[in-house]
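The values are calculated or read from the model by the stated rules, or taken from the named source; none is laboratory data. These numbers come from a predicted model, not from an experiment. Using ideal geometry, Cβ is built from the backbone for each residue, glycine included, and neighbour counts are taken over all protein chains shown. Accessible surface is based on the protein model in full, side chains and every heavy atom, while ligands, DNA and RNA are left aside. Shrake-Rupley method; radii C 1.70, N 1.55, O 1.52, S 1.80 Å.
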Amino acid sequence: MITSLIILKLLKFVLVGFSGMLIDYGVTWLMKEKAKLNQYLANSAGFILAASSNYIWNRLWTFASQSEQITREYFSFILISVVGLAINNLVILLLNGKLKVNFYLAKLIAIVVVTAWNFSMNFLITFGE
């Protein structure tokens, strides 16, 4: 049974994720379109910068973590995000590379898939709820 507390945390996680998505898209766009870097390198940089921002906001607001093990939490969050990055790039590769879906639409779909992964793993592992 999903409690209202979990739903509230999920909504906060999604709001934090939306701010991360803006960072992710902004960095990806700048690196891909303006700096002319490889789309997967640009995607990875945007994703990692967004994940770091998301960790801070999720620690402080979503999960209100009081743990003194900030380093452990951060690396757990980043490791989960890196697995999410692999899922993200795989979805983009399949949708954009194989099915020829627009790169940014494929990226949006990947973000939705990875949000479910990230929330569940961080809820269970990083912040130990």
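Selection over region 8-61 of residues that are touching a residue at least 40 places away in the same chain (Cβ under 8 Å), within 18 Å of residue 102 (Cα to Cα) and among the hydrophobic types (A, V, I, L, M, F, W, C) gives a count of 1. Of all residues in region 1-36, those being open to solvent by 70 Å² or more (accessible area, probe 1.4 Å) and either part of a loop (DSSP other than H, G, I, E, B) or among the small types (Gly, Ala, Ser) (or both) number 4. Checking residue 80 against (1) at pLDDT below 95; (2) within 19 Å of residue 12 (Cα to Cα); (3) among the aliphatic types (A, V, I, L, M): exactly one of these is not met. Which one? Unmet condition: (1).
Each residue in region 79-108 was checked for being open to solvent by 70 Å² or more (accessible area, probe 1.4 Å) and under 13 Å from the mean Cα position of the chain (by Cα), and 2 pass. Looking across region 37-64, the residues that are open to solvent by 20 Å² or more (accessible area, probe 1.4 Å), among the polar types (S, T, N, Q) and under 14 Å from the mean Cα position of the chain (by Cα) come down to 44, 52, 53, 54.
Residue by residue through region 85-119, note down the ones that are at pLDDT 95 or above and among the polar types (S, T, N, Q). The answer is 96, 102. Screening the candidates 76, 67 for the property of being part of a helix (DSSP H, G or I), of a type outside the set (Phe, Trp, Tyr) and open to solvent by less than 50 Å² (accessible area, probe 1.4 Å) yields one hit, 76.
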